[in-house]
Amino acid sequence: MKISGIHHVAIICSDYGRSKRFYTEVLGLRVVAETYREARQSYKLDLALADGAQIELFSFPGSPPRASYPEACGLRHLALKVADIAGWVAELEQRGVVVEAVRVDELTQKRFTFFADPDGLPIELYEN
């Protein structure tokens with residue numbers, strides 16, 4: 001047996017409309033499905049990544065904020081592969097997203113940077 005890849009990453013947001021706009025309009029992810037679950041008063045938005053993996057965006061009323069940035073125990077950040085990091089940085093900054101300076105991974109010599117989603121979740125762009 002072996003794991004063949006990541007199927008999805010689940011994110012809980014505080015403002016569904018704001019986060020939906022960010023992930024679809026700013027990051028350009030395609031909506032696969034959108035479901036409102038009345039019993040939970042919660043949306044679930046399935047978003048497609050180019051490699052077939054997905055991001056599941058949830059809204060749950062009263063969810064607590066992230067403990068710290070980014071060193072809380074648990075999932076540290078979401079890293080997305082990109083071919084042109086400079087192009088992505090320019091596009092994000094044009095849309096008003098604050099992006100950290102591009103750095104070079106000392107182990108792989110690949111370029112990377114970080115920015116945050118509307119709830120402060122750290123997202124990394126990693127040049128492949």
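The values are calculated or read from the model by the stated rules, or taken from the named source; none is laboratory data. All of these numbers come straight from a predicted model, not from anything done at the bench. Glycine also receives a Cβ, built like all others from the backbone with ideal geometry; neighbour counts cover every protein chain displayed.
Selection of the range 1-24 for residues being within 15 Å of Asp46 (Cα to Cα), free of Cβ contacts under 8 Å to residues at least 40 places away in the same chain and not basic (Lys, Arg) yields Gly17, Thr24. Restricted to the range 26-88, the set of strands (runs of 3 or more DSSP E) holding at least 2 residues that are under 20 Å from Pro118 (Cα atoms) and either of a type in the set (Ser, Thr, Tyr) or over 17 Å from the mean Cα position of the chain (by Cα) (or both) comprises 42-48.
Of the residues Leu27, Leu45, Leu92, only one is at pLDDT 95 or above and farther than 26 Å from Glu127 by Cβ; which?
On the way: Leu27 fails: farther than 26 Å from Glu127 by Cβ; Leu92 fails: farther than 26 Å from Glu127 by Cβ.
Only one candidate qualifies: Leu45.
State all residues of the range 90-120 that are surrounded by 15 or more Cβ atoms within 10 Å (Cβ to Cβ) and closer than 30 Å to Pro64 by Cα; if no residue qualifies, say none. Within the range 90-120, Leu92, Val97, Val99, Phe112, Thr113, Phe114, Phe115, Ala116, Asp117, Pro118, Asp119 meet the criteria.
Of the residues in the range 50-72, at least one is within 21 Å of Ile6 (Cα to Cα), touching a Gly at 6+ places or on another chain (Cβ under 7 Å), at pLDDT 90 or above and of a type in the set (Gly, Ala, Ser).
Checked against (1) in contact with a strand residue (DSSP E or B) (Cβ under 7 Å, 6 or more places away or on another chain); (2) of a type in the set (A, V, I, L, M); (3) surrounded by fewer than 17 Cβ atoms within 10 Å (Cβ to Cβ), Ile123 passes all but condition (3).
Got at least one residue in the range 106-125 being outside the structural domain of Ala48 (by TED's automatic domain parsing) and on the phi > 0 side of the Ramachandran plot? Yes; the residues of the range 106-125 include at least one that is outside the structural domain of Ala48 (by TED's automatic domain parsing) and on the phi > 0 side of the Ramachandran plot. Taken over the range 95-108, residues that are in a loop (DSSP other than H, G, I, E, B) and at pLDDT 95 or above amount to 7. Note on the range 1-55: residues that are under 23 Å from Leu75 (Cα atoms), charged (D, E, K, R) and touching a helix residue (DSSP H, G or I) at 6+ places or on another chain (Cβ under 9 Å) amount to 0.
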